[in-house]
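Report on the structure given below.
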Amino acid sequence: MWRAATRSDDARVVELYLALNAEDPCTTPPDAERMRRTLEQFRSDPARGACLVLDEAGGAGGYALIVPYWSNELGGNVTFLDELYVSPAARGRGRASELIALLASRALGWPDTVALQLEVSPSNARARDLYERHGFAPIRNTTLRRTL
């Protein structure tokens, strides 16, 4: 079951974040303090985003960061699945599929969500297959970024 993260989940979420980046490195080096700031930001201003945890019997078995943004093109909020990680011990039981279904039903996101969006590493074929099974498809635009 996916639920909103609480302060007592923070240490485990940081562990999971570091594990995600060990398995599938992001473009910037992982930073535990950055994750703690993100969690605090989401708690203090829930309109900015949310951290969800996969509540397993032995503790958090995964986490997801979801961030809404308004899209003029689509005429509503896009819920961006910024990070999703399910620990190896919790994989293969449909937990990521469950989260995607909950987000698509708007049960865990914002009620005016008109689209779900995410990014996937080109080398992560397993994740891409999962997302495509749930109706995600590449968009024609290329993402560009300028860090400040």
Criterion (open to solvent by 70 Å² or more (accessible area, probe 1.4 Å), over 18 Å from Asp9 (Cα atoms) and touching a residue at least 12 places away in the same chain (Cβ under 8 Å)) met by exactly one of Arg140, Arg128, Arg48, Arg43: Arg48
Residue in region 134-143 that is among the small types (Gly, Ala, Ser), closer than 19 Å to Met1 by Cα and outside any helix (DSSP H, G or I) present: no
Among (1) farther than 23 Å from Leu148 by Cα; (2) modelled with pLDDT of 95 or more; (3) of a type outside the set (Gly, Ala, Ser); (4) in contact with a strand residue (DSSP E or B) (Cβ under 6 Å, 6 or more places away or on another chain), the one test that Ile66 misses: (1)
Number of positions in region 102-124 that are out of contact with any Gly (no Cβ under 9 Å at 6 or more places or on another chain), small (Gly, Ala, Ser) and open to solvent by less than 60 Å² (accessible area, probe 1.4 Å): 2
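The values are calculated or read from the model by the stated rules, or taken from the named source; none is laboratory data. Nothing here was measured: the structure is a model prediction, and the numbers come from that model. We place every Cβ from the backbone using ideal geometry, glycine too, and count neighbours over all the protein chains shown. Ligands, DNA and RNA are excluded from the accessible area calculation, which covers all protein heavy atoms including side chains. Shrake-Rupley method; radii C 1.70, N 1.55, O 1.52, S 1.80 Å.
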